[in-house]
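Please read the structure below before turning to the comments.
The values are calculated or read from the model by the stated rules, or taken from the named source; none is laboratory data. All values derive from a computational prediction rather than experimental measurement. Cβ coordinates were reconstructed from backbone atoms using ideal geometry, including for glycine residues, and neighbour counts include every protein chain displayed.
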Amino acid sequence: MPAPRFFAKEAIYAPPGFNRWRIPPASIAIHLCIGSAYAWSIFNPALVKVRGVVASAADDWTLQQVVWVFTVAMVFLGLSAAVAGKWLERVGPRTVGIVATLCWSGGFVLGSLGVWLHQLWLLYLGYGVIGGCGLGLGYVSPVSTLIRWFPDRRGMATGMAIMGFGGGAIIATPLQERLMQTFYQPPIFVDSAAEVHVTTGDSGRRFAMHGGARREVVELTAAEAAKLPPGTRPGVYLVGTGDTGVGKAFLVLGAVYFVVMLAAALSYRLPAPGWRPAGWDPAATQTQRLMLTTHSIDASAAIRTPQFYLLWIVLCFNVTAGIGVLGVAKTMMSDIFGSSLPTIVDGSFAATYVLMISLFNMLGRFGWASASDHLGRKLTYAIFFGAGVVLYLAIPWIAVQSSARPSVMWLVLFYAVTMLIFTMYGGGFATIPAYLADLFGTKNVGAIHGRLLTAWSTAGVLGPWAITALRESARRQALERLAQAVSPGRFAERFGADTDQLPKLIEAKTVTIAKLLELVPPGTVDPSATLYNTTMYLMAGLLAVGFIANALVRPVAARYYAAE
């Protein structure tokens, strides 16, 4: 078969008697692969220590920089999904699925090169831009295909695919952790801090003599070493030696996703024109459907209605609140509870937390979407926003209590609160297509939904930016307060510079919260747990705005109806 014919839409029409249940596994497989994006935070601790390996070196990327990779991917997911609908209808899901495969797996390969060369722009281009396009193309092709095969069970069909996207991190989290552990190599250990003369350079970097040469080093405290792989000793390590394993993990993941997604894309088939499931009467089904309107509204008309922009705000703010936390989930768990409960909240526990987020995200997509058939879409979103405000405001309170009075009870409460938040985050994605169909009719809901997904792109910027920028501001304020509590003599002895050099030392990552806590008077509270408080207040405010926008939604005026 010539290549053009192989990729033509007409080449994948299924023959008579084709079993439509062969399609869901392929669709779910693609969504599980691209849904691994929700496990991005697993990479964060390694990406901020590519040079130092056991601790961040001066040239290492910051958390804010690496979270922006996830942000860029979410932006291009939304943009590519918004424009791919028309192309999908023209070329069919096989071609779109193959392009999605090349983009997603290729993004990992290019990202691996960025890690190896320590070039952040390659990581942005690879995982962020190219991989993000793969996310968007991979997102729309399975949903469209399943709707064609299951016109009698649209909710179930889309629920299966979207649930797969939400659950991708369940598989990706342990896989990514295992790969990084396999490829991890500790850096060269110089000696304990007491045995090594470490000096501070003009740039705030730390240096020590090793092998007859002056080499840049990082210093690892006992508290920091306890969070790393077993056997890691506190002391002085050479920068630029060892391997976090993240670059090689990217390569393996790219190869695995290429094989799985390509096989799934080649399995796509479309029903022949005019095909219907046996015994299905679309007219009878339509009369039983509860909708706010029985009319159709064109996509071009829909974007002129206030309802479209109200729902844009609804989706954007619901996603903003959840996606920001998703991007730093593992880091946030370690920051809030790593010091107060170090024997429980280690790296493995934080990774499991990311996995559980994926599970509840997935369950929320199916559970809340199903519940909305009975509650109504408007009431369902009112629950999302009303309960969300309370839940987000509860997180700072839990963090303060855990820091002041460490207890497993606060960890359990935090776990419960955040898991409930993520059911509503996932439920928002799964419920919005039905909300659009209620308001604008089912005929053009795909095109309207694609345009609404620009809200996802916007949220992909707002959420991670807010949580990382506000966290960084809180971290610097905490460092300044802790430094003021240290005597000038002890500070100069420990860091080789006076406190007036603090901004430079912070920039070079020489001064950290963990290192200052070793110098402050006994009883000083570790501020790590409260680094996210301002962010949570902001998210609660956004959800309050979303609640108002949802309350203002009314049926679409008759002047927007398409001619029947």
Among the residues of segment 474-500, count how many are closer than 11 Å to residue 520 by Cβ and assigned to a helix (DSSP H, G or I). 6
Among the residues that make up segment 265-285, is at least one of them touching a Gly at 6+ places or on another chain (Cβ under 7 Å) and at pLDDT 90 or above? yes
Among the candidates 418, 468, residue that is buried (at least 19 other Cβ atoms within 10 Å of the Cβ) and either in contact with a strand residue (DSSP E or B) (Cβ under 6 Å, 6 or more places away or on another chain) or under 30 Å from residue 504 (Cβ atoms) (or both): 468
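Per-residue answers, yes or no, for (1) of a type outside the set (A, V, I, L, M); (2) under 16 Å from residue 176 (Cβ atoms):
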site	(1), (2)
229	yes, yes
233	yes, no
242	yes, no
248	yes, yes
260	no, yes
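Determine, yes or no, whether residue 188 is touching a residue at least 12 places away in the same chain (Cβ under 8 Å), among the β-branched types (Val, Ile, Thr) and crowded, with 19+ Cβ neighbours inside 10 Å.
Values: touching a residue at least 12 places away in the same chain (Cβ under 8 Å): yes; among the β-branched types (Val, Ile, Thr): yes; crowded, with 19+ Cβ neighbours inside 10 Å: no.
Here the answer is no, as residue 188 does not meet what is asked.
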Select, from 455, 447, 434, the only residue that is in a helix (DSSP H, G or I), among the aliphatic types (A, V, I, L, M), on the phi < 0 side of the Ramachandran plot and modelled with pLDDT of 80 or more. 455
Selected residue (only one of 236, 252 is under 17 Å from residue 58 (Cα atoms) and either touching a helix residue (DSSP H, G or I) at 6+ places or on another chain (Cβ under 8 Å) or among the basic types (Lys, Arg) (or both)): 236
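Residue-by-condition table, conditions (1) within 21 Å of the chain's Cα centre (by Cα); (2) buried (at least 17 other Cβ atoms within 10 Å of the Cβ); (3) modelled with pLDDT under 90; (4) closer than 23 Å to residue 339 by Cβ:
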{"site": "462", "(1), (2), (3), (4)": "yes, yes, yes, no"}
{"site": "497", "(1), (2), (3), (4)": "no, yes, yes, no"}
{"site": "510", "(1), (2), (3), (4)": "no, yes, yes, yes"}
{"site": "514", "(1), (2), (3), (4)": "no, yes, yes, yes"}
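Every residue, every condition in (1) of a type in the set (Asp, Glu); (2) out of contact with any helix residue (DSSP H, G or I) (no Cβ under 7 Å at 6 or more places or on another chain); (3) at pLDDT below 95; (4) surrounded by fewer than 24 Cβ atoms within 10 Å (Cβ to Cβ), yes or no:
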| residue | (1), (2), (3), (4) |
| --- | --- |
| 46 | no, no, yes, yes |
| 56 | no, yes, yes, yes |
| 77 | no, no, yes, no |
| 89 | yes, yes, yes, yes |
| 101 | no, no, no, no |
| 104 | no, no, no, no |
| 111 | no, no, no, no |
Does residue 537 fit the bill of being surrounded by fewer than 21 Cβ atoms within 10 Å (Cβ to Cβ), among the aromatic types (Phe, Trp, Tyr) and over 26 Å from the mean Cα position of the chain (by Cα)? no
Selection count where residues are of a type in the set (A, V, I, L, M, F, W, C) and either at pLDDT 75 or above or not assigned by TED's automatic domain parsing to the domain that holds residue 33 (or both), scope segment 151-170: 5
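Do we find that residue 538 is assigned to a helix (DSSP H, G or I) and either of a type in the set (Lys, Arg) or closer than 23 Å to residue 405 by Cβ (or both) in this structure?
Taking the combined requirement at face value, the residue does not satisfy it.
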So residue 94 ticks every box in (1) in contact (Cβ under 8 Å) with a residue 60 or more places away in the chain; (2) within 21 Å of residue 351 (Cα to Cα); (3) part of a helix (DSSP H, G or I) but one. Which box is left unticked? (2)
Out of curiosity, is residue 418 within 15 Å of residue 167 (Cα to Cα), in a helix (DSSP H, G or I), within 18 Å of the chain's Cα centre (by Cα) and among the β-branched types (Val, Ile, Thr)? no
What do you reckon, is residue 57 under 23 Å from residue 257 (Cα atoms) and among the aliphatic types (A, V, I, L, M)? no
Residue 309 is checked against (1) touching a residue at least 60 places away in the same chain (Cβ under 8 Å); (2) surrounded by fewer than 24 Cβ atoms within 10 Å (Cβ to Cβ); (3) in a helix (DSSP H, G or I); (4) not charged (D, E, K, R) and fails just one. What number does that condition carry? (1)
Mind telling me which of the residues 358, 372, 334 ends up being assigned by TED's automatic domain parsing to the domain that holds residue 433 and under 13 Å from the mean Cα position of the chain (by Cα)? 358
Tell me which of these residue 343 doesn't satisfy, since it passes every other one: (1) over 25 Å from residue 546 (Cβ atoms); (2) of a type in the set (Val, Ile, Thr); (3) modelled with pLDDT of 85 or more. (3)
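Per-residue answers, yes or no, for (1) in contact with a Lys or Arg (Cβ under 8 Å, 6 or more places away or on another chain); (2) surrounded by fewer than 17 Cβ atoms within 10 Å (Cβ to Cβ):
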{"site": "176", "(1), (2)": "no, no"}
{"site": "195", "(1), (2)": "no, yes"}
{"site": "213", "(1), (2)": "no, yes"}
{"site": "220", "(1), (2)": "yes, no"}
{"site": "239", "(1), (2)": "yes, no"}
{"site": "246", "(1), (2)": "no, no"}
{"site": "250", "(1), (2)": "no, no"}
{"site": "265", "(1), (2)": "yes, no"}
Tally up the residues in segment 200-234 that are under 39 Å from the mean Cα position of the chain (by Cα) and in a strand (DSSP E or B), please. 10
All positions within segment 88-122 that are closer than 21 Å to residue 78 by Cβ and in contact with a strand residue (DSSP E or B) (Cβ under 9 Å, 6 or more places away or on another chain): 93
Does residue 435 count as crowded, with 21+ Cβ neighbours inside 10 Å and more than 17 Å from residue 339 (Cβ to Cβ)? yes
Being in a helix (DSSP H, G or I), aliphatic (A, V, I, L, M), at pLDDT below 90 and surrounded by fewer than 17 Cβ atoms within 10 Å (Cβ to Cβ) narrows it down to one residue among 412, 390, 400; which is it? 400
Within segment 521-534, of all residues that are of a type in the set (Gly, Ala, Ser) and under 23 Å from the mean Cα position of the chain (by Cα), the one nearest to residue 306 (Cα to Cα) is 529
